[in-house]
1. List the number of the failed condition for SER95; all other conditions in (1) under 30 Å from GLU219 (Cα atoms); (2) in contact (Cβ under 8 Å) with a residue 12 or more places away in the chain hold.
2. I'd like the full set of residues that are in a helix (DSSP H, G or I) and surrounded by 12 or more Cβ atoms within 10 Å (Cβ to Cβ), limited to the stretch 275-293.
3. So if I check each of VAL112, VAL106, VAL124, VAL85, which one is at negative phi and in contact with a Gly (Cβ under 6 Å, 6 or more places away or on another chain)?
4. Take the residues of the stretch 93-132 that are modelled with pLDDT of 75 or more and outside any helix (DSSP H, G or I): which is surrounded by the fewest Cβ atoms within 10 Å (Cβ to Cβ)?
5. Name the single residue, out of those in the stretch 290-326 being among the basic types (Lys, Arg) and under 39 Å from the mean Cα position of the chain (by Cα), that is nearest to GLY126 (Cα to Cα).
6. Output the residue which, of all residues in the stretch 252-273 that are more than 16 Å from LEU316 (Cα to Cα) and among the hydrophobic types (A, V, I, L, M, F, W, C), is surrounded by the most Cβ atoms within 10 Å (Cβ to Cβ).
7. Please report, ordered by residue number, the helices (runs of 4 or more DSSP H) entirely within the stretch 154-255 with at least 2 residues that are under 13 Å from the mean Cα position of the chain (by Cα).
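The values are calculated or read from the model by the stated rules, or taken from the named source; none is laboratory data. These numbers come from a predicted model, not from an experiment. When we count neighbours, we look across all protein chains shown, and the Cβ atoms used for this are built from the backbone with ideal geometry, even at glycine.
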Amino acid sequence: MSSAFIIAMLATVAVGGVAYVFLYPILSGEARAEKRMRGITVAEIEARRARKTPDSGTSRRQLVEDSLKKLEERQRSRKHPPLSVRLQQAGVNWSKRQFIIGSVAVGLFVAVLAKFLNVDILPVAGLAFAAGLGAPRWLLNYLKKRREARFTTELPNAIDVIVRGVKAGLPLGDCIRIIASETQEPVKSEFRMIAESTAVGMPLPEACTKLYDRIPLAEANFFAIVITIQQKAGGSLAEALANLSRVLRDRKKMKAKIHAMSMEAKASAVIIAALPIVVMVLVYLTSPAYIELLWTTPLGRTMLVSCAGWMMCGVLVMRRMINFDF
């Protein structure tokens, strides 16, 4: 009896335990509560993430597109900058008034020199106009291109300084100040202006965007785009700038390769353009009376001016053929 009673009690306890495990959560509503909690904590959160992910990606992509659009509009608006901006791009300390006074002085000097050589009044006026209007602007463009070439050469090194500094844990502002004190001109002065602009409260993307106003190059525009997008949309600045440095160096290599491949065509153009002048000088040295008819008779002067015009057209055509824009 005792053993049968013990077996019955153990069976009852076992059945009661199994019933408690399986039936109590259903009867008490605990299973429904747990199911609801799982639905809230897992399914609902995943659904919210699924709903938010496209929106966040779309907003980031839209932010990048807006930044690029603004920079492109700024680039198109700066294709014909005023004289004050061009003086700044050339890296000279002249004011607009000083440049105009210097242009007038050059024109007057050429006019006085031509008049002293007994040149007629119309050629004197033409020479004075060409010297006063063309020579200073040619000098300005030459200084601008020389400064841009130096900037293109030094910019990848400056970007490498930023990449190494960011990887070492330095803030971007400190990296820019290192460039402003350690690199070569004109990168040194341009990054000093960026550092000074940010020191007085200007946002860094806007300060970098103004770099393109002073250095109208694609390389400066690339740098401004990378900084602007990284500041607004986030991302790895070191990786983005490392890619930019590699792109700039590859562009420099491609430019040097194109320059080397086009040197033969440039030499041919120089020879063809100089050949008539050289022949004219040699004929004048051997037979002056024969060649003097070109500038002593009206028909000769007309022919000389016409030939000079056609030669200029040929030189410009050859220049367009051998200059590659990329």
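1. In the conditions (1) under 30 Å from GLU219 (Cα atoms); (2) in contact (Cβ under 8 Å) with a residue 12 or more places away in the chain, SER95 misses (2) alone.
2. So in the stretch 275-293, the residues in a helix (DSSP H, G or I) come out as 275-286, 288-291, 293.
The answer is PRO276, MET280, VAL283, TYR284, ILE291, LEU293.
3. Working: VAL112 fails: in contact with a Gly (Cβ under 6 Å, 6 or more places away or on another chain); VAL124 fails: in contact with a Gly (Cβ under 6 Å, 6 or more places away or on another chain); VAL85 fails: in contact with a Gly (Cβ under 6 Å, 6 or more places away or on another chain).
Checking each option against the conditions leaves just VAL106.
4. ASN93
5. Initial filter on the stretch 290-326 (among the basic types (Lys, Arg)): 301, 319-320.
Now restrict to residues that are under 39 Å from the mean Cα position of the chain (by Cα): 319-320.
Working: ARG319: 25, ARG320: 26 Å.
Once the filter is applied, the top-ranked residue is ARG319.
6. Selected residue: ILE258.
7. Result: 204-214, 218-233.
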